[in-house]
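Colleague: Below is a structure I'd like to ask you about.
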Amino acid sequence: MLGYNPDKIDPPFEETYKDLFLKHSCTTFSTCTLTTGAVEEQELPLVDLGRLLGAHEQREREKCKREIAEASKEWGFFQVVNHGISQEILEEMAKEQVQVFREPFHRKNKDKCMNMSLSPGSYRWGTPTATCLGQLSWSEAFHIPLTDIIHTYNTNNVSNFSSAVKQFATTVLELAQKLANILAEELGNDYETTSFFQENCLPSTCYLRMNRYPPCPKYSQVFGLMPHTDSDFLTILYQDQVGGLQLVKDGKWITVKPNPRALVVNIGDLFQAWSNGVYKSVEHRVVANPKAERFSTAYFLCPSNDAVIQSWTSEDEPSMYRKFSFREYRQQVQDDVRTLADFVYII
């Protein structure tokens, strides 16, 4: 990219968090000790969604749905190919994302990049609440409520960036709702329950997060992104091939092997509660890289703040979770981050 200097660290992590780097020990929180040593690389379960199309036999379609449900139970993660999102849309999204992150830090920090009409505070970097290096995320992100993009389309200020995001978000929402409906059906739910996602997870309630992980000279001391779970129903991730995503499987961390053809899907906290613990919201993180920068875009399938999450149960099965609204949950997550240093991906 013209004008990009890979040796210049932007944002100014070391300058801003210099006091943390000067500390030699920290015992306040267990998260202060990094465990990012040798981690086995594995491929996520791979699901070919092309088998859901009408040209395939019903038996093959049902098998595909079972694979989605089984991966969500056993891994909390899977990857999909033949997902219906064109390569052109993905490449345009990636191109616009890189251009945004190449903007000067002072412009990004004031949410004034490329004439984007974003809510204040959309640009985020580092970890403002970190009290030790183990709590510092060496990354920057644009956290975009899709209401911002919808608002832009109601004006005459539609940029290439807004157009790329809208195309990407529209197609990924269709995919997310399809997967959510399949997971609901595999629980044995009736149509009224599976329609929950069409009625409550709308373009105006979902979020997009564009991530950049700069090269990190302190890669052995900090994470690219802190260990966390996602606080939505489903997350769909489009990532480059640098790698760095890790998740907990059978009590140990594994590294996810990137697949250039696939999108990564993971279960969020809301779906774990909604399914009464059948589908797993799994802790995951991104490790820092000393030489390569990494880009990814995550789409979060979220309901409105007033949507009520109630566990699906059979007649003889008690509910593991009390009924709650998404607003209640978001507030609880924010309170936990402030008081307990428990990190959840706050939407």
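The values are calculated or read from the model by the stated rules, or taken from the named source; none is laboratory data. Keep in mind that what you see is a predicted model, and the values were worked out from it rather than measured. Ideal geometry is used to build each Cβ from the backbone, glycine not excepted, and the neighbour counts take in all protein chains shown.
Colleague: How many residues, within the range 55-101, are acidic (Asp, Glu) and under 30 Å from Ser163 (Cα atoms)? Show your work before the answer.
Modeller: Looking only at the range 55-101, we keep the residues that are acidic (Asp, Glu), and these are 57, 60, 62, 67, 70, 74, 88, 91-92, 96.
Of the ones still in play, those that are also under 30 Å from Ser163 (Cα atoms) are 88, 91-92, 96.
The number of residues fulfilling the criteria is 4.
Colleague: OK, next. How many residues, within the range 320-347, are at pLDDT 90 or above and hydroxyl-bearing (Ser, Thr, Tyr)?
Modeller: 3
Colleague: Here's something else I'd like to know. For Ala130, indicate whether it is more than 30 Å from Pro145 (Cα to Cα), at pLDDT below 95 and not basic (Lys, Arg). Don't jump to the end; show me each part of the working.
Modeller: Numbers: more than 30 Å from Pro145 (Cα to Cα): no; at pLDDT below 95: yes; not basic (Lys, Arg): yes.
No.
Colleague: Can you find, within the range 259-286, the residue that is farthest from Leu173 (Cα to Cα) among those that are part of a loop (DSSP other than H, G, I, E, B) and of a type in the set (D, E, K, R)?
Modeller: Just the residues of the range 259-286 that are part of a loop (DSSP other than H, G, I, E, B), to begin with: 259-262, 268, 275-283.
When the remaining residues are screened for being of a type in the set (D, E, K, R), the result is 261, 280, 283.
Numbers: Arg261: 19, Lys280: 21, Glu283: 23 Å.
Within the range 259-286, the match that is farthest from Leu173 (Cα to Cα) is Glu283.
Colleague: Consider only pairs whose beta carbons are under 9 Å apart and that are at least six residues apart or on different chains; among these, list those whose first residue lies in the range 14-32 and is closer than 10 Å to Ala130 by Cβ and at pLDDT 85 or above and whose second residue is surrounded by 10 or more Cβ atoms within 10 Å (Cβ to Cβ) and among the aliphatic types (A, V, I, L, M).
Modeller: Tyr17/Ala130; Tyr17/Leu133; Tyr17/Leu136; Tyr17/Val222; Leu20/Ala130; Leu20/Leu133; Leu20/Leu136; Leu20/Val222
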